[in-house]
Every structure is written in C-alpha cells, then in structure tokens.
1. Looking only at the stretch 277-316, count every residue that is loosely packed, with under 15 Cβ neighbours inside 10 Å and within 15 Å of the ligand (Cβ to nearest atom) and tell me the total.
2. Name the residue that is nearest to residue 107 (Cα to Cα), counting only residues in the stretch 29-57 that are of a type in the set (S, T, N, Q) and in a helix (DSSP H, G or I).
3. Looking only at residues that are within 9 Å of the ligand (Cβ to nearest atom) and assigned to a helix (DSSP H, G or I) in the stretch 58-90, which one is surrounded by the most Cβ atoms within 10 Å (Cβ to Cβ)?
4. From the list 114, 133, 159, which one is at pLDDT 95 or above, open to solvent by 40 Å² or more (accessible area, probe 1.4 Å) and out of contact with any strand residue (DSSP E or B) (no Cβ under 7 Å at 6 or more places or on another chain)?
5. Starting from residues that are surrounded by 22 or more Cβ atoms within 10 Å (Cβ to Cβ) and part of a helix (DSSP H, G or I), keep the ones in the stretch 91-107 and report whichever is farthest from the ligand (Cβ to nearest atom).
6. Which of the following residues is in contact (Cβ under 8 Å) with a residue 12 or more places away in the chain, within 16 Å of the ligand (Cβ to nearest atom), at positive phi and charged (D, E, K, R): 319, 274?
7. Quickly run through the stretch 44-55 and pick out the residues that are within 22 Å of residue 90 (Cβ to Cβ) and away from the ligand (no atom under 11 Å from the Cβ).
8. Given the condition without any contact (Cβ under 8 Å) to a residue 60 or more places away in the chain, within 16 Å of the ligand (Cβ to nearest atom) and of a type in the set (Gly, Ala, Ser), answer yes or no: does some residue in the stretch 108-127 qualify?
Amino acid sequence: MTVRVGINGYGTIGKRVADAVSKMPDMELVGVAKITPDYGALIARSKGYRLYTLSDRLDLFRKKGIEVDGTIEDLLSEIDVIIDTTPGGYGLRYKGLYRKYSVKMIFQGGEKPEVADISFNTLCNYRDAIGRESVRVVSCNTTGLLRLICTLNSYYPIERVRAIIIRRAADPKEIKRGPVNAIVPNPISIPSHHGIDVKTVLPWLDIITSAVIVPTTLMHVHIVNIWFKEKINIEYIIEALEHNERIALIDSRVTGIKSTAEIVEVARDLGRYRYDVPELIVWKDSLYVNGRELMLIQAVHQESIVVPENIDAIRALMRIVDDPMESFKLTNKVLGIKGRLI
Ligand code: NAD
C-alpha cells in the first residue's frame, strides 16, 4: 500500500518532512501547502513538489509568477494523511477542515496536546497510535528526552528524571527572535513545560524539567539526571544507547567534539543535507553512574530530530506497519540514520 501524504506549512519542519516522505518506498508526497509566495515556494517547485495554497492566496502566487496546483482543499481531496507543520496553534484551526476531508492528521509539538488523540513517540507508544485519527508528534526537546528515557527504561526501570534544558534562542533562518546577549530562564518557575510534555506520552513518569534560553541557533543541550529503581551498570547503559540507531554516542576524548558548533561542523563536512542531525547526540564521556543514579549531557538538533518520528506516525495511523521496530528500521534505513555521527 502506498500512503498519499500532504504537508500543510512548508517551513523548518515541513520542508524536512516533505523530503523524508518523498523518499519512503511506502509513501507518496502528493504536495505541500504554503501561504506565502516566497523562496520556499520556489524551492518546493524546483524540487518538483506540487504546490497548494489557500483559495484567497492563489492570486498572490500568480502575481509573483509562481505556479500553483490548487487550493488546500484540492490537496486534502487527494490524500490519506495530512502532516500539519504550520506554526504552533494553527493546526487546531485547520482541524475542522482536515476532518471534513476524512484524512488522518499528524500535528506537531507546538500544538496543545488536546489537538490530537495522543501525543506520539515511536519508541514509547507507537502501538497506541495504530489506527487513530490523529497524533501529535511531540516537540524537539520532548522527542530528545523521550528517546533517551524509553531506551533506558527498557533496560532498567526508571524511578525519576530531572533535566535542565538549555534551549537555542531561534532557528538559523529566523531574524525576529532573541535573546542576543542574555540567558533567559524559560520560564523562571519550575517545572518548565518540557517534563509536562513528556508526561503526555509517559503519564507514569516522575519528571521535572527546568529550561533556559541562550543566544545560539544551532542545537539544544540537555543535562539529564535519571534515578533508576535498581543499581545500574554503565556498560549496560552504553549498550542500550549504542543499540538505538536514533541515538549517536560521541566521545569528545576521541573525536574532539566538545560543543554543538563542532557537531554541526562535522555534519557539514560530511555533506549531510542541510547539516541535519536527526540522531539524539549523547556525549559518552559525560556519563556519570553512581549506584542507581545516572547523569549525562545530550544535544538535540531542533530542526531535524522530529522528522523520523513523523514518518513512523504515518505508518501507525494508516496501519501499514504494526511493529514499531519495523517502521523504526525502515525509516532509519531510508534516511541513512545509523546511530553514529562520524
Ligand atoms: P516555521 O515557521 O518554520 O514554518 C511554518 C510554515 O507554515 C511557514 O512556512 C509558514 O509560512 C507556514 N504558515 C504560516 N501560517 C500558515 C497557515 N495559516 N496555513 C498554512 N501554512 C502557514 O515553523 P516550524 O519551526 O517548522 O514549526 C512548525 C511546527 O513544528 C510547530 O508546531 C513547532 O512548534 C514544531 N516544531 C518546531 C521545531 C523547530 O525547532 N523549528 C522543532 C520541533 C517541532
């Protein structure tokens, strides 16, 4: 079965998910919807993607000489699944329209959890999403935390998690966000929403997070402290992390990679498209184990980490794959995700 997929919102996440969908053997990218006739629209066209917009925007595109294939309603009438990658809050406004066309819906982490039947992460709750009408793929930070937590919890049951999230201020393309010269607790009150968001997928977990925003655009960094229900062995922790293809362990003592800047430099030097790093990066030499306690430092490439989870979510909603690991492996294989940065 080939699933026909549409993307609404062709920005940071939408363009990456569109490229990923177009590569999958069991999916067809029918087209992308955009509201602004800008360079993004020209790039979509240059890639051969069919382009759709709102009916009252058709003229805007035509005036700029950008060919459009139809309205968003035209797109919806041709697809099985819509991936909503509009800015946070817009997805809910579109939901009624999506429903009218009886398409399955995938929303992103900027939406409130109530927008969808469940919040989603492949390794944590793929089976719960099978056959649902809608899921919300949680945000980049939440995806990073969940990949780690569900990987380790399958080796040793987790008692509680405490994490500090050091957030990038903006994506590289953004020109209207800061901070420029400050570290901004976000929010000052603890907990931050990240741990609360993790609980939308793992309601049983005792997790508290706190976050600060710093003046960088490259990646987020998390300092994570996990207490397990039993004494842990560092060798098994390493084995668990190495076993997961969506986690890349790096050792700064061997590679010299000691910062997010160097992670991105490696991705650029390796010729990764857009320098994307969809793997969760965990510094092996940050691992601290003492009895039941683990601490580590990890880095999240906010622009790309949620892409593989969006692909898996399509298979779960459409019931084309029942086994989470089958989808996980297929997505990884097609996207070249192999559990290592270098
Ligand atoms: P973005 O601003 O880069 O892209 C959004 C796109 O939607 C833009 O192309 C914009 O023109 C378009 N758009 C705006 N209003 C629209 C409308 N009414 N109809 C159709 N399209 C419209 O945003 P993004 O960073 O890709 O974020 C999209 C979603 O993904 C949000 O929920 C966000 O929270 C989530 N997310 C973002 C990141 C990240 O770091 N950028 C990471 C994970 C999840």
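The values are calculated or read from the model by the stated rules, or taken from the named source; none is laboratory data. It should be emphasised that the depicted structure is a prediction, and the values quoted were computed from it without experimental measurement. Cβ placement follows ideal geometry from the backbone for every residue including glycine, while neighbour counts extend to all protein chains displayed. Calculation scope for accessible area: heavy atoms of the full protein, side chains included, ligands and nucleic acids excluded. Shrake-Rupley method; radii C 1.70, N 1.55, O 1.52, S 1.80 Å.
1. Qualifying residue count, the stretch 277-316: 0.
2. The selected residue is 55.
3. Per the stated criteria, the residue is 72.
4. Answer to the check: 114.
5. Result: 98.
6. 274
7. Selection gives 49, 50, 51, 55.
8. yes
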